[in-house]
Amino acid sequence: MSTHNPKVPIRVEPDTGVWTTDGLPMIYLPRHFYINHQSALETAIGRETLHDVLYEAGHKSAWQWCEKESQTHGLSGTDVFRHYMTRLSQRGWGRFSILSLDETTGEADIRLEDSIYVLHHGKEAGRKLCYPFDGWFPGALEWAGRDRKAPWALTSQETRCVGEGHPYCLFEVRQRALRSLP
């Protein structure tokens with residue numbers, strides 16, 4: 001059964017072959033290509049180290065995406081975060097839904113179904129699979145907070161995963177202590 005999703009605008013530059021959506025350069029590749037790279041890195045450097053690397057990269061990327069999309073679509077604050085969840089769902093990462101969002105603190109609960117990681121590794125993996133998304137939500141929500149003049153300091157963790165037998169994956173975004181600079 002197919003659900004209705006608005007079309008994601010894709011433009012292919014005829015001279016270079018560069019794909020763009022909403023003015024952002026994109027790449028199009030098979031899901032297994034991306035996941036095989038992530039799995040190889042996990043094996044080479046360890047799950048914990050890879051988590052930390054992907055957390056920071058995902059946080060930075062989500063922030064940059066929100067900045068660009070805000071300008072492109074004239075969105076602000078948590079409306080950009082909601083748009084981000086929609087776009088992630090439309091681009092094949094999984095189906096994301098916001099279960100709760102506290103617009104005063106940035107804390108949120110995010111539900112994920114049909115995650116690329118679960119679809120690849122299977123429901124019987126016996127472990128959390130979707131940790132590469134952990135940094136994405138704080139990055140986007142901290143951008144939304146900054147846009148609203150509310151300097152949120154957030155962290156996120158996958159607390160349930162279909163790969164462990166749960167009916168859906170759950171990410172909890174919570175406040176963290178601000179890091180002090182040396």
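The values are calculated or read from the model by the stated rules, or taken from the named source; none is laboratory data. Values in this document were obtained by computation on a predicted structure and should not be read as measured data. Cβ coordinates were reconstructed from backbone atoms using ideal geometry, including for glycine residues, and neighbour counts include every protein chain displayed.
Checked across the range 26-34, the condition of being of a type in the set (A, V, I, L, M), modelled with pLDDT of 90 or more and at negative phi holds for no residue. If you go through the range 131-177 and pick out every residue that is of a type in the set (Phe, Trp, Tyr) and more than 13 Å from the chain's Cα centre (by Cα), you end up with 3. Taken over the range 77-94, the criterion of being crowded, with 16+ Cβ neighbours inside 10 Å, under 18 Å from Tyr117 (Cβ atoms) and not polar (S, T, N, Q) is satisfied by Met85, Leu88, Trp93, Gly94. Inspection of the range 73-90 identifies no residue that is in a loop (DSSP other than H, G, I, E, B), among the acidic types (Asp, Glu) and either more than 16 Å from Val8 (Cα to Cα) or free of Cβ contacts under 8 Å to residues at least 12 places away in the same chain (or both). Answer yes if at least one residue in the range 98-116 is in contact with a Gly (Cβ under 8 Å, 6 or more places away or on another chain), crowded, with 16+ Cβ neighbours inside 10 Å, over 17 Å from Arg174 (Cα atoms) and at pLDDT below 95, and no otherwise. So far as the range 98-116 goes, no, none of its residues is in contact with a Gly (Cβ under 8 Å, 6 or more places away or on another chain), crowded, with 16+ Cβ neighbours inside 10 Å, over 17 Å from Arg174 (Cα atoms) and at pLDDT below 95. Taking the listed residues Gly165, Gly145, the one that is modelled with pLDDT of 95 or more, of a type outside the set (Lys, Arg) and crowded, with 21+ Cβ neighbours inside 10 Å is Gly145, with no other qualifying. Scanning the range 54-65 for residues that are more than 19 Å from the chain's Cα centre (by Cα) and within 30 Å of Gly106 (Cβ to Cβ) turns up nothing.
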